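Here the structure is laid out as structure tokens; the discussion comes afterwards.
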Amino acid sequence: MNYKNLKPFPKDFLWGASTSAYQVEGAWNEDGKGPSVIDMGRYPEGTSDFKVASDHYHRYKEDVALFAEMGLKAYRFSIAWTRIYPNGVGELNQKGIEFYNNLINELLSYNIEPIVTMYHFDLPYAIQQKGGWTNKETIDAFENYAKTLFEHFGDRVKYWLTINEQNMMILHGEAIGVVSSDIKNAQKELYQQNHHMLLAQAKAMKLCHKMCPDAMIGPAPNIASVYPASCNPEDVLAASNLSSIRNWLYLDAAVFGRYNSVAWSYMEEKGYTPIVYENDMDILKAGKPDFIAFNYYSTLTAAKYKDESQSDNSASDQQMEMSEPGVYQGVPNPYLQKTEFGWEMDPVGFRNTLREIYERYNLPLLVTENGLGAYDKLEEGEVINDDYRIDFLRKHIEQARLAITDGVNLIGYCPWSAIDLVSTHQGISKRYGFIYVNRDEFDLKDLRRIRKKSFYWYKDVIKSNGEKL
Ligand code: BGP
């Protein structure tokens, strides 16, 4: 629909920006922090590790002051489980509690709403050694960790996100670095882990409502509309298969407390179904989200599965197409351009994705990631002319407004990322931030902060409540 009049962004719209603990904090083994699976993982050749990252742990005050200058109404960050419980369970690390108390208080002193992700890829290594999410005990460990977070921060945090991109951890765990290659083909085990994460999430949501009745909690998967490669009914079916397996499996479980039927049949056909214990489905049903948070980078396109020779999943990551024998074949979309890192850009797909999710679940939506990874250049005079990022974000915000006009209840938009940080698997050179961090892959330089052109642009967007793009 082309509207004559667009609805404005809501008055209290959460204009924000996002980060995650391991990608921004650094201080990987300081003040009692235990190692996570990320700290113990391998890094692709030529890319930095996460030991120092953007050194936000030591510079959070300076960073928050910059966020405030940009006018952020919300800041979405994650808590590192291993700062709170160095071994995942057991002894609590007061220094970890202190750090997040300070960060939350600092944000609130500028009226920036904290939006907290409880777990963003960085499972405690001690838990991993006991079987990680394959072990049912991890559900209790997560519930215990959630309880601690609600106890210590629940008086000030009103927006909670359970697990970041659970669907990407299951589908692209190796690229992200949360699954080691030796279990690469153990799909059945992955879907068992998925089941346990769903249970842990449901328990955390229930607990949140009990302990923090004023707060809101929701899942934070990566959701993308899936287009059929053509109007061939077989292609349409393939797109529907992929959407059920990649999107609805996760959201149907979070919202309705049940498995998506197509995704379940897929798991049955492939022999991947998890063991579901007697009261598991009651647990799933008892946890209800108040909103749906989701990350959006691009859409996907699928065709009828053709043959093995065309299936190459080796380069796949969060946004790259995959294939599944007999189920779907991921294909490139000829209508879309790609970023320098090969991700298709699709602002209109953003509107479509918002509509699809809202029509399906009728819950408020919060965008917790969206952005452009690029090789930014620090030019003479301390400037970074990231016009391409402004262009990308502008087009997505325009589409968000159209979706609001379509009737979608969108409560906030938090692009990735507030400040430069280390990418999940492509190092610091793949930058997303509004604020430049002066370091290279291996040369930490002075880590000084420099406002990019997009910083000033986003500031105006927020100030005008989305009118001035
Ligand atoms: C999402 C993750 C983020 C972030 C982002 C960009 O999948 O939740 O942690 O990194 O993607 O991805 P990348 O760093 O791979 O470019």
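Throughout, read-outs are computed from the coordinates displayed, never taken from laboratory work. Everything numeric in this text was worked out from a predicted model, so none of it was measured. Positions of Cβ are generated from backbone atoms using ideal geometry, with glycine treated the same way; all protein chains shown enter the neighbour counts.
Which of rounded, prolate, oblate describes region 319-441, given a ≥ b ≥ c as roots of the alpha-carbon gyration tensor eigenvalues and a/c under 1.5 marking rounded, otherwise prolate only if a/b is larger than b/c?
It is oblate, given that a/c is not under 1.5 and a/b is not larger than b/c.
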Fill in: Hz values of 3J(HN,Hα) by residue in region 106-118 - Karplus curve (6.51, -1.76, 1.60), Gly and Pro given as x
4, 4, 5, 5, 9, 6, 9, 6, x, 10, 10, 8, 7
Discussion item. Counting just the Cα atoms, what span does region 118-178 cover along each of its three principal axes? Round to the nearest Å and put the largest first.
Written reply: 37, 22, 15
Fill in: Shape call, region 230-285: gyration tensor on alpha carbons, a/c limit 1.5
oblate
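Can you order the peptides 140-152, 35-47 by their average number of other Cβ atoms within 10 Å per residue, highest first?
On the way: 140-152: 19.5, 35-47: 16.1.
Most protected by this proxy first, the peptides run 140-152, 35-47.
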Item to complete: Using amide H atoms built 1.01 Å from N in the peptide plane, name the residues 5+ places from Glu113, or on other chains, whose amide H lies under 5 Å from its own.
Response: Ala74, Tyr75
Practice prompt. Quick one: which residues, 5+ away or cross-chain, put their amide H under 5 Å from the amide H of Ser36? H built at 1.01 Å from N.
Written response: Tyr125
Worksheet item: If you plug each phi of region 239-249 into the Karplus form 6.51 cos²θ - 1.76 cosθ + 1.60 with θ = phi - 60°, what whole-Hz ³J(HN,Hα) values come out, in order, with x for Gly and Pro?
Response: 5, 5, 4, 4, 5, 5, 6, 8, 9, 6, 3
Worksheet item: Mind checking the dipole of the chain: about its Cα centre, +1 per Lys or Arg Cβ, -1 per Asp or Glu Cβ, Debye to the nearest 20?
Response: 1220
Discussion item. Given the -39500 (n - 2.57) contribution per DSSP H run of 4+ residues, what per-residue ellipticity at 222 nm results for the chain, rounded to the nearest 500 deg cm²/dmol?
Written reply: -11500 deg cm²/dmol
Fill in: Whole-angstrom Cα spans of the chain along principal axes, big to small
56, 56, 45
Fill in: Over 21 Å (Cα to Cα) - which of Lys95/Lys147; Lys61/Lys395; Lys338/Lys377 fall in this group
Lys61/Lys395
Discussion item. Please report the net charge: other residues with Cβ closer than 10 Å to the Cβ of Val89, K and R +1, D and E -1.
Written reply: -2
Discussion item. As a test of the definition: which semi-axes, in Å, follow for region 217-360 when you take the square root of five times each eigenvalue of its alpha carbon gyration tensor? Largest first, please.
Written reply: 26, 20, 13
Item to complete: Note down the net charge around Val262, summing +1 for each Lys or Arg and -1 for each Asp or Glu among other residues with Cβ under 14 Å from its Cβ.
Response: 0
Response to the item:
Distance in nm between Asn101 and Asp446 label points, each 7 Å along Cα→Cβ, equals 3.4
Fill in: Residue-by-residue Karplus 3J(HN,Hα) for region 413-424, coefficients 6.51, -1.76, 1.60, Hz, glycine and proline x
9, 10, x, 9, 9, 4, 9, 4, 8, 7, 4, 4
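Count the net charge of all other residues whose Cβ sits under 10 Å from the Cβ of Asp12, scoring Lys and Arg as +1 and Asp and Glu as -1. Working shown, then result.
Working: positive: Lys11, Lys73; negative: Glu113.
Result for the local shell: +1.
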Discussion item. For a test of the definition: using alpha carbon positions, the gyration tensor, and the 1.5 limit on a/c, classify region 38-98 as rounded, prolate or oblate.
Written reply: oblate
